[in-house]
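Here's the structure, in structure tokens; my notes come after.
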Amino acid sequence: MIKNYLKIAWRNLVRNKAYTFINIGGLSVGMACTILILLWVRDEVSYDKFNRNAPQIYRLTANVAGVKAAVNPVPLSPVLKQQLPAIKDFTRLEALHSIVTIGSRKFDEKNIYYADPNFLQVFDYPLLWGDKATVLSRPDGMVITAATAKKYFGDENAIGKTLYIDDDIKGHNFVVTGVMQNVPHNSHLQFDMLLPFTVYEHSSNYSFNNPQEWSNFDVYTYLLMKDGLAGQPGAISSLERQITAIHTANDTYHTKTIFSLQPLTDIHLHSSLLLDVAGQGSSQSVNIFSLVALFILLIACVNFMNLSTAIAGQRAKEVGLRKTVGALRPQLIIQFLSESLLLGLISLIIGICIARLLLPLFNDLSAKNISVNLFDLRITGGLLGIAVLVGLISGSYPAFFLSSFKPAKVLKGIHVLGGKKSYLRNGLVVLQFSISVILIVSTLVVNNQLKFIRNRDIGFNKENLLYLQMPQIGDLQKNYGALKASLGQNTHITNYTLLEHLPTDLTTGTTDVKWDGKDPNKQMIFPHIGADGNFIKTFGMHLVAGRSFDDNNKSDAANYILNETAVKTMGMSVSSAVGKLITMNGNKGEIIGVVRDFNFKPVQQLIQPLILRYTNQGGFVVVRTKPANMPQNIVNLKAVFQKIYPDYPFSYGFVDQDLSRLYLSEQRMGELFNIFSVVSIIVSCLGLFGLATFAAQKRIKEIGVRRVLGASASGIVALLAKDFVKLVAVALIVAFPVAWWIMGRWLDNYVYRIHISWWMFALAGILTLLIALITVSSQAVKAALMNPVKSLKTE
């Protein structure tokens, strides 16, 4: 019987080619988009779940004087393990950006961590060679990934080979004691090398007994809990309070700090912390695109239901005859569901082909490396489940609707499509166009917010600012004078400055700032930058009071420049701040200038109080170049740099590109919204095209009579189009408040943001109405221009 159902279903699909093409086309595109989005969502929620201990691992985070950070003091975790029985073990990481030397070759490596000896036992990063228990126990041992081993040693066995690595004070020779598999892409930690944590402790002059270490937040700390604690909010909250109490008892600076425990599997999607590791995702994006996938699939299902009910009249006699010869209603329901399931499976196969074809482009847009493995039972089962679900949802109403026809009425030619039936169909059209309008408005809002971010006055001129990574080891910085002389002779360079940290990557901050009249109970973090006398001029910042640093004035080594927010925080006015004294980290100095506020954090965050202090040493040289012939400028800078520092790799970047990278997730979100909005409109219009076609066929004789009686072609077009345009207009009324609420919630994440304007809704409405009108009119014009003799010849 099932074979008979499928055979009849196939014949019906072949007989109604236009109906089949439109349904399969819409469902295939909808499924392809859904497959791509769900693969992306599946990848995003899979982060760190490959670790067997994932449910028991928590990262320790800190709220320091109102600023949430991902780092902790070095001595905290050993004391926690000693005093808190719930903590089974701990492991710590400290990031290192260094030069790695092998023979005469040098490499600039950014993905290095110092790690405790038990790191590879707490986490599941499989070793290819070496013993997890001992590879990081040697003070000169190191673990590298397979890709890093290939990079440095080719096909040779890397075990026992030596690499020279510079740290912040001096260099060390390290012996490769372990080679691990490449870090999975769905790990929130990405690294190429692991060094013993003891090296960090010695190189940073760390002292466990130094009380100041309890106020220095430097390392990432992961705690392995005993079994049974995970998933118990009350126990976790109690443990957080105990950790906070232990830190408070040991912190002699009494910095107001509250600690939290973050589940390992939450880190990737639920982190917006200071000093966090790079590459984090967003739970908001996952939720939004999950809804987008659902919306697009829903639009395709609505098309199926609408077209099925629209052609119901053509199959009414079929239903009547089947019931007359003894067919039961359940049999008819199964028959129609078989058709929808067959159509769903065909659409799934085509959708998978489309998804595989578009996957490279999707990976580029989303910065992923997703693949479709049909041999993975979870993926295959999920896709089949989607096809069956779509088939059942799409075919359920048509099946119950068509099987309800009374055979006596149908065979007598009595009209069976009552007015109530059109209400549902019209409601579905309104639903699918409402979804499309919501996506269009969302696209306009996202793109305009991104435009606002790009064009907003951030307080300095970000264009044509190129920075060079400076040597940090030994006496290399003594050659800075020679570098300055060479830069000053370059006619393509208008200015340059030396600074410790880039404003786009500011990681330093202190609570130890004092001024007259400060509330002793008030604590907050003051970020600070060490810079020379050219900093403000090179960046194109604006002094609103006082002066900049003077490289020839030795007294400026003890002076400070504040931003406007810092002045207000200290209860001063811009005009009165210059000449006042403040103390930072025990160093008392005079405020010599006030600089206008500039953004050194993403626009999701308020501008913080900033202190500039003088330095003639630093990690970066920032150069402002003339805009013309930038490639040649880089070549010239490289030649100058390598002449002065022949043994140091030339590393450079652009400030404006670094700023853009702060908003990569928003940029990708905007690009994907653009694509999916277009897809939703196409699928909606495909359904509208089908409905218009059947509406025109249904009224073909009426159109012929009207033409004979003198109706114009434009009048016929208006007659057929007005009902559909009304539905789209209703969709606009439904969609606008929903879109306004959704995007208002999204914009609430930004401190500096656009306001949703009326023109965005007007543009979305006009665009949707025009597309719908063009879609319907294409069929209406065809019907209106048909020779009325042909349509009336059977009368």
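Would it be correct to say that Thr491 is open to solvent by less than 20 Å² (accessible area, probe 1.4 Å) and among the polar types (S, T, N, Q)?
no
Search the stretch 267-282 for residues that are over 15 Å from Leu506 (Cβ atoms) and pair each with any residue that is open to solvent by less than 30 Å² (accessible area, probe 1.4 Å) and among the polar types (S, T, N, Q) when their beta-carbon atoms are under 6 Å apart and the residues are at least 6 apart or on different chains.
Gln280/Ser271
Residues in the stretch 144-182 that are of a type in the set (A, V, I, L, M, F, W, C), open to solvent by 20 Å² or more (accessible area, probe 1.4 Å) and in a loop (DSSP other than H, G, I, E, B): how many?
Number satisfying all stated conditions: 2.
With the requirement that a residue be in contact with a Pro (Cβ under 9 Å, 6 or more places away or on another chain) and of a type in the set (Val, Ile, Thr), what does the stretch 507-536 give you?
Of everything in the stretch 507-536, those that are in contact with a Pro (Cβ under 9 Å, 6 or more places away or on another chain) and of a type in the set (Val, Ile, Thr) turn out to be Thr507, Thr508, Thr510, Val513, Ile525, Ile529.
Looking at Tyr206, Tyr222, Tyr200, can you tell me which residue is at pLDDT 95 or above and under 19 Å from Asp116 (Cα atoms)?
Tyr222
Return the only residue of Asn553, Asn587, Asn559 being under 19 Å from Thr511 (Cβ atoms) and open to solvent by 10 Å² or more (accessible area, probe 1.4 Å).
Among Asn553, Asn587, Asn559, only Asn587 is under 19 Å from Thr511 (Cβ atoms) and open to solvent by 10 Å² or more (accessible area, probe 1.4 Å).
Can you name every residue in the stretch 231-286 that is open to solvent by 40 Å² or more (accessible area, probe 1.4 Å), of a type in the set (D, E, K, R) and under 27 Å from the mean Cα position of the chain (by Cα)?
Residue satisfying the conditions is Asp266 alone.
Kindly indicate whether any position in the stretch 648-667 is more than 23 Å from Val67 (Cβ to Cβ) and of a type in the set (Lys, Arg).
no
Given the criterion of a type in the set (A, V, I, L, M, F, W, C) and open to solvent by less than 10 Å² (accessible area, probe 1.4 Å), identify the matching residue among Ala133, Ala69, Ala86, Ala65.
The unique qualifying residue is Ala69.
In the stretch 431-458, what residues are open to solvent by 30 Å² or more (accessible area, probe 1.4 Å) and in a helix (DSSP H, G or I)?
Within the stretch 431-458, Leu431, Leu444, Asn447, Asn448, Lys451, Phe452, Arg454, Asn455 qualify.
Yes or no, residue by residue, for (1) open to solvent by 20 Å² or more (accessible area, probe 1.4 Å); (2) of a type in the set (A, V, I, L, M):
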position	(1), (2)
Asn23	no, no
Leu36	no, yes
Ser46	yes, no
Lys110	yes, no
Ala115	no, yes
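Any idea which residue in the stretch 593-617 is nearest to the chain's Cα centre (by Cα), counting only those that are of a type in the set (A, V, I, L, M) and open to solvent by 10 Å² or more (accessible area, probe 1.4 Å)?
Leu606
Please verify whether the stretch 74-92 includes one or more residues that are at pLDDT 90 or above, touching a strand residue (DSSP E or B) at 6+ places or on another chain (Cβ under 7 Å) and either closer than 16 Å to Val183 by Cα or of a type in the set (Phe, Trp, Tyr) (or both).
Checking the stretch 74-92: at least one residue is at pLDDT 90 or above, touching a strand residue (DSSP E or B) at 6+ places or on another chain (Cβ under 7 Å) and either closer than 16 Å to Val183 by Cα or of a type in the set (Phe, Trp, Tyr) (or both).
Where residues in the stretch 704-715 are in a helix (DSSP H, G or I) and at pLDDT 70 or above, which of them is surrounded by the most Cβ atoms within 10 Å (Cβ to Cβ)?
Gly704
Hey, any hits in the stretch 28-45 for a residue that's basic (Lys, Arg) and either in contact with an Asp or Glu (Cβ under 7 Å, 6 or more places away or on another chain) or modelled with pLDDT of 90 or more (or both)?
Within the stretch 28-45, none of the residues are basic (Lys, Arg) and either in contact with an Asp or Glu (Cβ under 7 Å, 6 or more places away or on another chain) or modelled with pLDDT of 90 or more (or both).
Filter the stretch 618-650 down to residues that are part of a helix (DSSP H, G or I) and open to solvent by 40 Å² or more (accessible area, probe 1.4 Å) and give me whichever is nearest to Asn464 (Cα to Cα).
Across the stretch 618-650, the extreme among qualifying residues is Pro631.
Taking the stated definitions as given, is Phe217 in a helix (DSSP H, G or I), in contact (Cβ under 8 Å) with a residue 12 or more places away in the chain and buried (at least 16 other Cβ atoms within 10 Å of the Cβ)?
no
The values are calculated or read from the model by the stated rules, or taken from the named source; none is laboratory data. Given the structure is predicted, the values throughout are model-derived calculations rather than measurements. Note: ideal-geometry Cβ built from the backbone for every residue, glycine included; neighbour counts use all protein chains shown. Side chains are part of the model used for accessible areas, which takes the heavy atoms of the whole protein and leaves out ligands, DNA and RNA. Shrake-Rupley method; radii C 1.70, N 1.55, O 1.52, S 1.80 Å.
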